[in-house]
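Asks: Here's a structure for you.
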Amino acid sequence: MRNPTDMAAARADGRPISMVTCYDTWSARIIAATDIDCILVGDSVAMVMHGHDTTIPADVDMMRLHVAAARRGAPERLLIADMPFLAHRKGQRAAMEAVDVLMKAGAQGVKIEGAGDTVDLIRHIVGSGVPVMGHLGLTPQSIHAFGGYRVQGRGEEAAAAIRAEALRLQGAGCFALVLEVVPAALAAELTEVLDIPTIGIGAGPHTSGQVLVLQDLLGMQPEFKPHFLRTFLDGFELLREALDRYDEAVKSGAYPSDEESYR
Ligand code: KIV
């Protein structure tokens, strides 16, 4: 995909949408060589690349650097950037400045967690010509309010709240909606009810698409094993083995050889 509008077309044709996070140029180059539809420069960068326990330490500056790096590696792939913690809660002017920075760094739209009283701001951003992706369910920026990483939208009242917020986000002009760690039946129902595509993570199979953190799906974080995660590579072990082979070659004198040296 090249544009946010391509997501609506995929949904209309019943083509599942694949989205993956990416924070740097070298992995963006690999993604650009695949059929993955969309890159998300998520604020999970704070955890995956900077070693924090939550996404809260991500700020606009951090996001700008990673958006620009990912964009350089995948100049033509649809790329959406997360609005980091509180960037959209400090007034409209500050929010628009954050959007400006992320778009100028190379994003084609922003993802904003939650709805509530952010909906008016989302309408304003969309009205300014910037595509916005919504995000409901287990929104990690609110982790302390949730009291931990647990399934959201369980029970009729909680499900009704997510349903109402999803409709408000659609009404505000969001072009797609991420549903994170919600019951599969609720995600299926929302996918049916909404006109915009839903992108699930821990939301079961009946969404318009799926998103995963790149390092999680590549098995780079073996200690992170949420129920919904499938790993498609034993990346940590493969890289560890390669590095040990390099170490062994250096220490045994096998590397560099004469052929790998300048005469
Ligand atoms: O920051 C992130 O990586 C995300 C996705 C997991 C949806 O928001």
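The values are calculated or read from the model by the stated rules, or taken from the named source; none is laboratory data. From a predicted model like this one, the values you see are computed outputs, not experimental measurements. All Cβ positions, even for glycine, are placed from backbone atoms using ideal geometry, and neighbour counts span all protein chains on display. Heads up: the accessible areas ignore ligands, DNA and RNA and are worked out on the full protein's heavy atoms, side chains in. Shrake-Rupley method; radii C 1.70, N 1.55, O 1.52, S 1.80 Å.
Asks: Being within 16 Å of the ligand (Cβ to nearest atom), more than 18 Å from Ile201 (Cα to Cα) and not aromatic (Phe, Trp, Tyr) is true for just one of Pro84, Pro140, Pro75. Which residue is that?
Replies: Pro84
Asks: Here is a follow-up. Does region 222-252 hold any residues that are away from the ligand (no atom under 16 Å from the Cβ) and either among the β-branched types (Val, Ile, Thr) or modelled with pLDDT under 95 (or both), and which are they?
Replies: The answer is Pro222, Glu223, Val250.
Asks: Let me ask another. Quick check on my filter: what residues within region 196-207 are within 16 Å of the ligand (Cβ to nearest atom), over 22 Å from Pro131 (Cα atoms) and in contact with a helix residue (DSSP H, G or I) (Cβ under 6 Å, 6 or more places away or on another chain)?
Replies: If the condition is that a residue be within 16 Å of the ligand (Cβ to nearest atom), over 22 Å from Pro131 (Cα atoms) and in contact with a helix residue (DSSP H, G or I) (Cβ under 6 Å, 6 or more places away or on another chain), then Ala203, Gly204 are the ones that fit.
Asks: Which of (1) charged (D, E, K, R); (2) under 16 Å from Thr21 (Cα atoms); (3) free of Cβ contacts under 8 Å to residues at least 60 places away in the same chain is the odd one out, the single condition Arg150 does not satisfy?
Replies: All conditions pass for Arg150, except number (2).
Asks: List every residue pair whose Cβ atoms lie under 7 Å apart, where the two residues are 6 or more positions apart in sequence or sit on different chains, the first residue falls within region 15-40 and is polar (S, T, N, Q), and the second residue, located anywhere, is in a loop (DSSP other than H, G, I, E, B).
Replies: As it stands, the answer is Ser18/Ile36; Ser18/Asp37; Thr21/Gly42; Thr21/Ser44; Thr21/Val213, since those pairs meet every condition given.
Asks: Further, regarding this structure: Just one of Ala74, Ala81, Ala70 is in contact (Cβ under 8 Å) with a residue 40 or more places away in the chain, farther than 29 Å from Val151 by Cα and buried (at least 24 other Cβ atoms within 10 Å of the Cβ); which is it?
Replies: Ala70
Asks: Right, next: Scan region 18-57 for residues that are open to solvent by 20 Å² or more (accessible area, probe 1.4 Å), among the small types (Gly, Ala, Ser) and more than 20 Å from Leu177 (Cβ to Cβ) and jot them down.
Replies: Listed by number, the residues that qualify are Ala32, Ala33, Gly51.
Asks: Related question: Please work out if Lys90 is part of a helix (DSSP H, G or I) and more than 16 Å from the ligand (Cβ to nearest atom).
Replies: Answer is no for this residue.
Asks: Out of the residues in region 1-49 that are in a loop (DSSP other than H, G, I, E, B) and touching a Pro at 6+ places or on another chain (Cβ under 7 Å), state the one that is nearest to the ligand (Cβ to nearest atom).
Replies: Checking each candidate, the answer is Asp43.
To keep it simple, each residue is scored yes or no on (1) within 16 Å of the ligand (Cβ to nearest atom); (2) open to solvent by less than 30 Å² (accessible area, probe 1.4 Å); (3) farther than 15 Å from Thr21 by Cβ; (4) under 21 Å from the mean Cα position of the chain (by Cα).
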{"position": "Ala184", "(1), (2), (3), (4)": "no, no, yes, yes"}
{"position": "Leu194", "(1), (2), (3), (4)": "no, yes, yes, yes"}
{"position": "Gly209", "(1), (2), (3), (4)": "yes, yes, no, yes"}
{"position": "Met220", "(1), (2), (3), (4)": "yes, no, no, yes"}
{"position": "Ser257", "(1), (2), (3), (4)": "no, no, yes, no"}
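Asks: What's the number of the only condition in (1) in contact with a Phe, Trp or Tyr (Cβ under 6 Å, 6 or more places away or on another chain); (2) outside any loop (DSSP other than H, G, I, E, B) that Ile56 fails to meet?
Replies: (2)
Asks: Would you mention how many residues in region 105-156 are assigned to a loop (DSSP other than H, G, I, E, B) and at pLDDT 95 or above?
Replies: 17
Asks: Within region 1-29, how many residues are farther than 13 Å from Ile199 by Cβ, of a type in the set (A, V, I, L, M, F, W, C) and touching a Leu at 6+ places or on another chain (Cβ under 9 Å)?
Replies: 2
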